[in-house]
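Below is one structure, written out as structure tokens, with a few remarks after it.
Throughout, read-outs are computed from the coordinates displayed, never taken from laboratory work. Treat the numbers as computed from the prediction; the structure is a model and nothing was measured. Quick reminder, even Gly has a Cβ in these numbers, built from the backbone with ideal geometry, and neighbours come from all protein chains shown.
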Amino acid sequence: MSSFKPGGIAYSAQNCAVMRTANPITIVSLSLVNFDYSNEDRKAFTPPPPNDQFQEEMVIRPLYSGDIYASFQFRTQWDTDFLHDGKKVSHYRLFPKSLGQVLSKFSVRELHISFTQGYWRTMQWGQPFIPSPPGAELWVWFHHTVTDVDGNWKELTNVLSGIFCASLNFIDSTNTVEPSASFKPLGLGNATDHRFLRYATLPREIVCTENLTPWKKLLPCGSKAGLAVLMKSEKLFHSSFHSQAVHIRPVCKDWQCTSTAWELRQTLNVVFDLYTSGQGKKEWSLFKMFSRTLTEACPLASSSKIYVDVTDNPGVNPLISTAVVLGDRRTYSVYDLTKKETFGQLRSLNLLLRWKGENDMLRPPLHAERYVSGFGLQKGEIHTCLYNSHPYRAYPVLLLDSLPWYLRLYVHTLTVTSKTRENKPSYIHYQPSKDRLRPHLLEMLVQLPPHSVTEVTVQFERALLKWTEYTPDPNHGFYIGSSVISALVPSIVAMDTNSTRDRPLFSSFFPTKEESSYFMRVYTEPLLVNLPTPDFSMPYNVICLTCTVVAVGYGSFYNLLTRTFQVDEPSAPLAKRLANIIRRLRGVPLL
Amino acid sequence: ILLKPLIMKITRRGRNAALAIAAVVIVVGIPLWWKTTETYRAWLPFSQIGELDSLQLQLSVEVEVVFSRGTLIPELQKKVPLTETREQEHQVDAKTGLQYRYETKYRTATIMEDDALNQPTAQEADLSLHMLSESACGSVVVYIIPETSTLLPEGVTVYVGQRRTALLRTTVFQGRGGLKEVLSALHPLVKQVVDTMSFSHQDILASLSDRMRAGQISKESLADSMRAIKSSPGYEITFSLLNPDPKSHSLHWDIEGAVHSYIQPLLDKLTPIANFSVDSQILYYAVLGVNPRFDNSVSAYTLNADSLAHVINPVEARLGSNAASSNPVLNFLLYVPDARHSPLFIRDRSQKEVPSNAFHSPRWGGIMVYNVNDMYDSKAEFPVDIDISMAKVMGVFLAQLRLLLGVQKTQPPPGFLLQSPGSAGLADWELDRLLWSRSVENVATASTTITSLAQLLDQISNIVINDNIAQQVSSAVMSLHAALAELEVGDLALALQYSQEAILASEKAFFDPSLLHLLYFPDDQKFAIYIPLFLPMCVPIVLSLLKIGNEVRQRRADKLAKRD
């Protein structure tokens, strides 16, 4: 994976780097405005209880393929209300000010944004803790008092693209949809009116250091202390998969849920390719992955923990806890960074794990694939294959497809087949596209029979674009965003529904309501579709050619009109002249 | 012999055809080409803008001079009230002229006012005079009090209150001269008071600095005007607490309460000038860009004035830009040095410690260093909870805010006593001063923006001028005229409002992105497209026209020769 972005895409970088020349500094003897200093009793000062808290956490899990999956989660919770009428939230402590201002200015209820480089290989790696599609994804629930949702959305994407140094400003009405069922709010409040929801992806977005730096800046400790010191971009981007995300939502302040608080989760997921790059040795260490070791927790964090998945390597570690996540009971050894003993005498923590045996992987009960078939540049067909590998349970899944307008869908060709029989979706929501205005939105609820492959196919025609609408390097093809599959998957082990208990962050992102199933979201591969591409020097060629034709025609016409033709004394033909020369030489009279 | 007329006829036909084609090209082709390739340029009031290029500003101040009991002998008292207008003209440079009009009304004090002036202290007198009558924005009232009055302390001749009134102590004008002499004796003092309370010539020149070359303005007023942040419809004020060492210091500041009690009154007072929004944040592990030096003599770390310029850049990267608005930001940073580098003091250029331990950067904000090392002993358990004294901090930040907003620290002439503004943070006459200089500055900026925009549009014919730009330009011109008229009348509040509208409209027009659309359409590409069409068409036409011309000349020469 390269650590630079190719040219061609215009990245908005107005806010990314603010350069200043040396400031002229003035020290002026200030005529101080004096206030009465209240009697301060230093000894008596007891700090008020903070209304915000910060937690950090890392999970390391060796994967079936021998790769290492490291997942960071940082959670800031603040007991405040950004959407309260009248009173503006303006004094920030742990919560980043830039995001808080965005929330209150645009009346955002819930905001989820992710930047991903690489594709998560479900069949080799299992399930990620927080899934994300390749490229950038943004979905936002606005507060129900917002009148101009589209205006807010437009402005919000521009502001976010400034904050994260990403090309989110390319989000416009042609790639924004309002899903009716797939994206329910993850936080408090059961908003169902999807007019206040906006969803957009930019599958072409390339994620790199300049997106990571502003993301790190949102952490209270930055990358100066705590788990975030491990985030060196040259290591993080030298990996098979990199995904960073920001999730903001209102949550319950406590288990009684008497009042709400705002939760900001920053997550970063990396898959390191240590198995192949380490000559087939199965081992990992913090230093090897991040070229750093840990020395302290972030002093502002109320909890700071490392979980190492030791389900396949039981034994060694005394600090063991188990957690049920994604329908699987796993064993973790836990390292608490807020305790001094963790760091030992060297005051530095480096974890190292070597193992021999094969890793067992629980096959994910649901996964999906997608590809384009067909030949030529006129028509094609999109195939989406949904795999239910549960041995005996059928369950419904929600499939969401958002396709750009330049793929003209033939909806009548939509077929859903499982086990060679037609499988009629119980719910279909289709919103046709409008040229240059709106993409296609196709949502359906499909029942997946146990242990089966369900194939969804739909044909499309490729549209001809105007010559200014082509992206740079159009022969590379056009990226079509991933389809999203959301499902409540039946769980083999009982899920933990008790929200009062303290759970590790990685197992508490999606709310679980019942013991027998858990929520799962799967993204398919993005597609790369070739469109008929013209030769871009064509307009000039056409101008030149027509001009030449016009000029030639005009020239002869002009000649005909203006030239005069005179009868000339005809000169002797060539043969006669030649004959005369010869005759002259011979001394014979001329002809 | 028979052929000759025929040939003549044919050549004449050819000539006519060539002429007809040339005529068609000129009459139909060229206008058609011109019309289809024309850029849209809406009409702009160029002549009015041209008038704005030479700016004639007229400022009027209403001054009321009130003689209290015992300052005028009875014969003279009968002659007042009377009104007098003085005018002063300055030609600043070829394009800018200034005219000040002081409309002075003289009258004697009413009984109530006399009573008010009998209060024991000047402050109380000021307050009770304010209760009696409220003077209009931009006006000045001067009360003349007798020398015997005990209102003012020894050595003070003029007292400037919190509102728009001043007290002036003079000797009783005895006998001899008529009222004229009295008034002319009084005039220089009154002029000084008005200069302090509304505007002086130097202030106005500094406000006009946009229009003028350097060197015409005195250095101090230029520094003042460069320090003050540019006029804008709104400002964001951000207070940031920098805690580079959260492991040792757990800092608590009651910023919400402090803003409410110290900053908000000032901002409420300034609402006619701009909208302010205040927010705050705490930044951890934010360090200064320079390493302070340890000074053994005082056993403290010190920052020299020279190194302060390098402090801001690294810190600014952490501050974060304001996502929610595009108004200029004023940053106020409170830096608490880490435990190992405490205490930290700032030294000025003469190597003396700055008592406030703070500095500011023009148009950017201020930084204050707040040492906490004496708030705990070395045995304390880390992190130490520390409560920051907001009164101390806000005293410094408020003073810096006043400087940055352009409430100049006026150097009062000798013998003047200025009442400190109190809890509001700003006296009425200070607000007036600010309004005067802001209105003039806005007028100057808007007029230069509009004239340079007009010049630009005039010079570059490629630029498309849309209707909305034309509309913005004409509304800017209209607001500018209205602001000038209001300044002439002396209605300060309206003048400021119009001048702000003018500045907004002019900037909007100037920075409109639609101006750029065709700006960079290069000429060589145009030629590349035109040449294949125009060259083959025009060459025969031009050549045959030349030939016809030659023939005509030839024939005329022949005719002349024949006649001879």
- Computed for the protein assembly as shown: size of charge dipole around the Cα centre, +1 on C-beta of each Lys and Arg, -1 on C-beta of each Asp and Glu, debye to nearest 20, value 6000 debye
- Computed lengthening from A:Y371 to A:T420, 0.36 nm per intervening residue step minus Cα-Cα distance: 15.8 nm
- Task: Quick one: angle between helix A:574-586 and the longest Cα principal axis of chain A, in degrees between 0 and 90, rounded to 10, please.
- Result: 50 degrees
- How many percent of all Cα-Cα pairs in region A:362-406 sit more than 18 Å apart? 46 percent
- Item | Contact order normalised by residue count of region A:250-347, Cα under 8 Å, 6+ apart, percent | 19 percent
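Please list B:195-207, B:376-388 highest first by mean number of surrounding beta-carbon atoms within 10 Å per residue.
B:195-207, B:376-388
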- Message: Just to check I understand the Karplus step: with θ = phi - 60° and J = 6.51 cos²θ - 1.76 cosθ + 1.60, what whole-Hz values come out for region B:63-68, glycine and proline as x?
- Response: 10, 10, 10, 10, 8, 7
- Computed on Cα atoms, Rg of region B:462-511 relative to 2.2 N^0.38 Å comes out at 1.25
- Item | Principal-axis tilt of helix B:492-510 within chain B, Cα atoms, nearest 10 degrees | 40 degrees
- If you keep only loop residues by DSSP, which GluC sites (Glu not before Pro) in region B:30-114 have at most 15 other Cβ atoms within 10 Å of their Cβ? B:E38
- Excluding B:A323 itself, what net charge comes from residues whose Cβ is under 12 Å from its Cβ, given Lys and Arg +1 and Asp and Glu -1? -1
- Note on the structure: Partner shielding of B:534-545, taken as the mean number of other chain Cβ atoms within 10 Å, equals 3
- Give, in nm to one decimal, the length gained when the segment between B:E147 and B:K180 is fully stretched (0.36 nm per residue of separation minus the Cα-Cα distance). 9.8 nm
- Message: Could you give each residue of region A:143-158 its phi-based ³J(HN,Hα) in whole Hz, using Karplus coefficients 6.51, -1.76, 1.60 with θ = phi - 60°, and x for Gly or Pro?
- Response: 5, 6, 8, 5, 8, 9, 5, 5, x, 4, 4, 4, 5, 4, 5, 5
- Please list, or write none, the lysines whose alpha carbon is within less than 25 Å of the alpha carbon of A:K224, excluding same-chain residues fewer than 8 places away. A:K97, A:K216, A:K232, A:K235, A:K288, A:K305, A:K339, A:K340, B:K247
- Query: Which value results for Rg/Rh of the protein assembly as shown when Rg is the Cα radius of gyration and Rh the Kirkwood radius based on the inverse mean 1/r?
  - Reply: 1.11
- Item | Inter-chain shielding of B:87-96 (mean C-beta neighbours from other protein chains, 10 Å cut-off) | 0
- Per residue Cα convex hull volume in Å³ - calculated over chain A: 369 Å³
- Task: Starting with the fewest neighbours, write out A:T116, B:T448 ranked by other beta-carbon atoms found within 10 Å of each beta-carbon.
- Result: B:T448, A:T116
- Charge tally for neighbours of A:G222 with beta carbon under 10 Å away, counting Lys, Arg as +1 and Asp, Glu as -1, is +4
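In region B:1-93, which chymotrypsin sites (Phe, Trp or Tyr not before Pro) fall in coil by DSSP and have 16 or fewer other Cβ atoms within 10 Å?
The qualifying sites are B:Y40, B:W43.
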- Message: Could you work out the percent of alpha carbon pairs in region A:391-446 separated by over 18 Å, rounded to a whole number?
- Response: 41 percent
- Query: Among residues other than A:T417 whose Cβ falls under 11 Å from its Cβ, what is the net charge (Lys/Arg +1, Asp/Glu -1)?
  - Reply: +1
- Message: Please compute the length gained on full extension between B:N550 and B:D195, using 0.36 nm multiplied by the number of residues separating them and subtracting their Cα-Cα distance.
- Response: 119.8 nm
- Item | Binned Cα-Cα distances of region B:58-203, short to long, each 10 Å bin given as a whole percent | 11, 41, 34, 11, 3, 0
- Item | Between helix B:523-563 and chain B: long-axis angle, C-alpha atoms, 0 to 90°, nearest 10 | 50 degrees
- Message: Taking beta carbons within 10 Å but only from partner chains, what does the mean come to for residues A:92-98?
- Response: 6
- Note on the structure: For region A:465-591, averaging the sequence separation of alpha carbon pairs under 8 Å that lie six or more residues apart and dividing by its residue count, the contact order in percent is 27 percent
- May I ask you to list the lysines whose Cα is less than 25 Å away from that of B:K352, ignoring any residue fewer than eight positions away on the same chain? B:K219, B:K392, B:K409
- Where does chain B land on Rg(C-alpha)/(2.2 N^0.38 Å)? 1.46
- Could you give me the radius of gyration and the Dmax of region B:1-123, taking only the C-alpha atoms into account and expressing both in angstrom? 40.4, 130
- Task: Compute the normalised compactness of region A:52-354: alpha-carbon radius of gyration over 2.2 N^0.38 Å, N being the residue count.
- Result: 1.02
- Task: Provide the packing ranking of A:279-291, B:326-338, i.e. peptides ordered by the mean count of other C-beta atoms within 10 Å per residue, highest first.
- Result: B:326-338, A:279-291
- Note on the structure: Low-density loop trypsin sites (Lys or Arg not before Pro), region A:70-168, at most 14 other Cβ within 10 Å, DSSP non-H/G/I/E/B, are A:K87, A:K88
- Item | Between region B:500-564 and region A:425-470, the Cα center-to-center distance that results, in Å | 54 Å
- For chain A the mean separation of alpha carbon contacts under 8 Å (6+ apart) over residue count, i.e. relative contact order in percent, is 15 percent
- How do A:R586, B:R293 line up, fewest other C-beta atoms within 10 Å first? A:R586, B:R293
- Query: Which of the peptides A:477-484, A:534-541 is most tightly packed, and how do the rest follow, going by the mean number of other Cβ atoms within 10 Å of each residue?
  - Reply: A:477-484, A:534-541
